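A quick write-up on the structure given underneath.
The values are calculated or read from the model by the stated rules, or taken from the named source; none is laboratory data. On a predicted model such as this, the values are computed, not experimentally measured, just so you know. Cβ: placed from backbone, ideal geometry, glycine included. Neighbour counts: every protein chain shown. Surface areas here come from the heavy atoms of the whole protein model, side chains and all, with no ligands, DNA or RNA. Shrake-Rupley method; radii C 1.70, N 1.55, O 1.52, S 1.80 Å.
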Amino acid sequence: MTSNEEIIRNLYAVAEKEPKRFRSLFTDNGYWWDVPAGVKYHGDDIARAADIYSAAFPDMHRALDDLYVDGDVVVVQLSLNGTHQGDLPIGLGTIPATGKEFHVPCVDVFRLKDGKVSAFDCYYAGTIMLAQLGVLGNLEASLKK
C-alpha cells in the first residue's frame, strides 16, 4: 500500500512533469484552494488551474523541505521556484511574462481520502512572488487590461 507521503510526493512530480494528469489525483469532489489568490478550484477547474500555472511557469520546480504526516493529513513546507515565461491571470488582470526568476516560500496542507486528495490548501507568499516578478511596486501598471 502506498503511504500518504508517497501519494503527495507523486502529486508534486505529476504537477511538474504531467500537469494534464494532475486532476486525476483528486477525489471527485476534491478541491485546490489557492489561498493568496482567493480562489478555490473544484472538478475540472483543478486541471485548468494547473494548466495556467504550467503555462506561466513552464520550468516550475517545487523544492520540498519538510513533510509532516498525521493520518490522512500531510503538511509540506517547500519553495516554489521557476521563471515567469507566460501570462499569469490574477484577480485584478493578467501579468504578462516578465522573464524573472522567483523563489517563493510555501506551505501546502493536504487531506487524503482513499489514496486521493480531497483537499489541497496552498499558502504561498504571494507578495514575495509579485516582488520577485518585479510588479509589486506598481501592480496596476504591470497588468494587461
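Some points to look at:
- Any hit, the stretch 52-64, residues being open to solvent by 40 Å² or more (accessible area, probe 1.4 Å) and more than 16 Å from Ala15 (Cβ to Cβ): no
- Close Cβ contacts (under 8 Å, 6 or more residues apart or on different chains) running from residues in the stretch 84-102 that are β-branched (Val, Ile, Thr) to residues that are modelled with pLDDT of 90 or more and part of a loop (DSSP other than H, G, I, E, B) comprise Thr94/Asp87; Ile95/His84; Ile95/Asp87; Ile95/Leu133; Thr98/His84; Thr98/Leu133; Thr98/Gly134.
- Lone qualifier among Val117, Val73, Val135 - being surrounded by 17 or more Cβ atoms within 10 Å (Cβ to Cβ), among the β-branched types (Val, Ile, Thr), at pLDDT 95 or above and in contact with a Leu (Cβ under 9 Å, 6 or more places away or on another chain): Val117
- Qualifying residues in the stretch 78-97 (those that are under 13 Å from the mean Cα position of the chain (by Cα) and not hydroxyl-bearing (Ser, Thr, Tyr)) - the one surrounded by the fewest Cβ atoms within 10 Å (Cβ to Cβ): Asn81
- Any chance Arg9 is out of contact with any Gly (no Cβ under 9 Å at 6 or more places or on another chain), over 24 Å from Thr127 (Cα atoms), of a type outside the set (Asp, Glu) and at pLDDT below 95: no
- Filter pass, Val75 being free of Cβ contacts under 8 Å to residues at least 12 places away in the same chain and among the aliphatic types (A, V, I, L, M): no
- Residues satisfying the stated conditions in the stretch 112-126, i.e. within 15 Å of the chain's Cα centre (by Cα) and polar (S, T, N, Q): none
- The stretch 16-35, residues that are within 17 Å of Ala119 (Cβ to Cβ) and open to solvent by less than 80 Å² (accessible area, probe 1.4 Å): Phe22, Arg23, Ser24, Leu25, Phe26, Thr27, Gly30, Tyr31, Trp32, Asp34, Val35
- Any hit, the stretch 5-15, residues being open to solvent by 40 Å² or more (accessible area, probe 1.4 Å) and either under 30 Å from Leu136 (Cβ atoms) or in a strand (DSSP E or B) (or both): no
- Scanning the stretch 98-110 for residues that are closer than 22 Å to Lys17 by Cα and β-branched (Val, Ile, Thr), we see that the one that is surrounded by the most Cβ atoms within 10 Å (Cβ to Cβ) is Val104.
- Of all residue pairs spaced 6 or more apart or on separate chains, those with beta-carbon atoms under 7 Å, a first member in the stretch 26-47 that is under 21 Å from Pro105 (Cβ atoms) and a second member that is open to solvent by 40 Å² or more (accessible area, probe 1.4 Å) and of a type in the set (A, V, I, L, M) are Ala37/Ile90.
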